Amino acid sequence: MPIFNYGKAFKQENRILNMSSPQELDGVSRLRGGIMFLFVAALFVFLGIVSIGLSPFIGTVFLIYIVFIVLALIFAIIALIRMYDAFSALSPYVPNMNLGKIGIILSVIPFVNLVGTILVGIAIYFIGDKYQEGTVKVGGILAAIPVISFIGYIISYIGLDSVLARQRRV
């Protein structure tokens, strides 16, 4: 009867959970930051839309709307760059990160951006799988569904915070 080596199993599990390099920790941190920039971009879009209904002056409304949309565009570009860099940094450590990089590129192309959203969600799922964080896995699944991807990004952000906190304790 084979004897199970608990010490070897613990070392293997510990290797999976612990980030072995600063590049890996930086990749998770960049992805979390990229998701935060997406939130800010979405907030500016929302404020731009709300500003149209709140101001009685047509010229002022248009100017405020343009300012919010330009800010949203700037934050969205920063978010996509950070997320692309994060997937690049994590590619030696987490399988299928090329899906995330391809998804980021496709997300800026009209008519195929839905495919990009799905690929980014799948890549986030693989990150959750690698670090055994269920919250990130659920966030990745929801992020892969274009209609509710924003909810998935929120859940992923929370889960990535847990991954980073776990790594700082180790």
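The values are calculated or read from the model by the stated rules, or taken from the named source; none is laboratory data. Owing to the predicted nature of the structure, the values given are computational and were not obtained by experimental measurement. Positions of Cβ are generated from backbone atoms using ideal geometry, with glycine treated the same way; all protein chains shown enter the neighbour counts. Side chains are part of the model used for accessible areas, which takes the heavy atoms of the whole protein and leaves out ligands, DNA and RNA. Shrake-Rupley method; radii C 1.70, N 1.55, O 1.52, S 1.80 Å.
How many residues are surrounded by 13 or more Cβ atoms within 10 Å (Cβ to Cβ), part of a helix (DSSP H, G or I) and modelled with pLDDT under 85 when one looks only at region 13-48?
Summing the residues that are surrounded by 13 or more Cβ atoms within 10 Å (Cβ to Cβ), part of a helix (DSSP H, G or I) and modelled with pLDDT under 85 in region 13-48 gives 1.
Within region 112-170, work out how many residues are open to solvent by 10 Å² or more (accessible area, probe 1.4 Å), small (Gly, Ala, Ser) and in contact (Cβ under 8 Å) with a residue 24 or more places away in the chain.
So the answer is 4.
Does residue 79 satisfy being open to solvent by less than 30 Å² (accessible area, probe 1.4 Å) and either at pLDDT 95 or above or in a helix (DSSP H, G or I) (or both)?
yes
From the list 86, 144, which residue is closer than 15 Å to residue 32 by Cα and either under 17 Å from the mean Cα position of the chain (by Cα) or not aromatic (Phe, Trp, Tyr) (or both)?
It is 86.
Which condition does residue 94 not pass, out of (1) surrounded by fewer than 17 Cβ atoms within 10 Å (Cβ to Cβ); (2) in a loop (DSSP other than H, G, I, E, B), if it passes all the others?
Failing condition for residue 94: (1).
Does residue 93 fit the bill of being in contact (Cβ under 8 Å) with a residue 24 or more places away in the chain and of a type in the set (Ser, Thr, Tyr)?
For residue 93, the condition - in contact (Cβ under 8 Å) with a residue 24 or more places away in the chain and of a type in the set (Ser, Thr, Tyr) - is met.
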